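Notes to accompany the following structure.
Rule-based calculations on the coordinates, nothing more; no lab input. What you see is a predicted model; the values in this text were computed from it and never measured. Don't worry about glycine lacking a Cβ; one is built from the backbone with ideal geometry, like all the others, and counts go over all protein chains shown.
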Amino acid sequence: MIKLDPAARRALLDLSHKSRLYLEGNILKVIDPDGDEEFSQYLKDAIELDKSNRRKRLEVTKQIQSQNKDLTAAQEENSKLMGDLQRALTEAEAATRSAEQARNTAEGDLDLLQKRTQFQLVGTIVKVALWVIMGVGVTTTLLYSLALVKGLDTTLLGSTWSNMFSILLTNSFSIIGTIMGVKYATEKGE
């Protein structure tokens, strides 16, 4: 046991009365009050205050540990969510690339289908135009030939027949030229 001289005891008592400051820690257990009632009460009060302060520090420590545990769990959850978000972002980018490829393929197929349809349409127009030209030409030729065989006046019919053939020939070349121009223009655009 440690015995303090009366001056040291008086200094500790005065400090506790003026500033409410007490000794703390295990030193309190080894100080001998040496029969001084007032100093004995000081030691009891200091021990109680020390216990109370230790309890408060222990509670604060437990609270901090609990908060650290919660923060660590939240950080782990956040890391997991960030990983999930990164995977979802990567999958979304892959889906976007796949959708763009599908769109490009569909546009290519549509363009090919349009060209095929245009080509078929042009072929049909040319066939119909040629049949009409041939039909008008054959009909006009038959009428002119019939008029010649019957001995009718063919002056008007001859010039009409000649004009009809020139118009049909001009129109046929015009149709073919237009079709070729359209085909050339669509190939140039690519």
Report summary line: On the formula 1/(1 + (r/R0)^6), with r taken between the Cβ atoms of Asp45 and Asp14 and R0 of 22 Å, the FRET efficiency rounded to 0.05 is 0.95
Query - Reach of Lys51 by Cα under 29 Å, taken over lysines that are not fewer than 8 positions away in the same chain - result: Lys3, Lys18, Lys29, Lys62, Lys69
Report task. Please work out the C-alpha center-to-center distance from segment 113-140 to segment 29-89 and express it in whole Å. Result -> 97
Query raised in the report: Size of the chain along its principal axes in angstrom, Cα-based, largest extent first?
Result: 169, 27, 21
Query raised in the report: Calculated from DSSP H runs of 4 or more alone, at -39500 (n - 2.57) each and per residue, what is the 222 nm mean residue ellipticity of the chain, nearest 500?
Result: -32500 deg cm²/dmol
Query - Inter-probe distance in nm under a simple model that places probes 7 Å from Cα toward Cβ, at Ala147 and Ser79 - result: 10.3
Report summary line: For Ile31, other-chain or 5+-apart residues with amide H closer than 5 Å (H placed, Pro excluded) are Ile2
Query - Reachable lysines, given that their alpha-carbon falls under 24 Å from the alpha-carbon of Lys183 and they are not under 8 places away in the same chain - result: Lys115, Lys127
Query raised in the report: Cross-link partners among aspartates and glutamates for Lys44, C-alpha distance below 15 Å, same-chain residues fewer than 8 apart left out?
Result: Glu24, Asp32, Asp34, Asp36
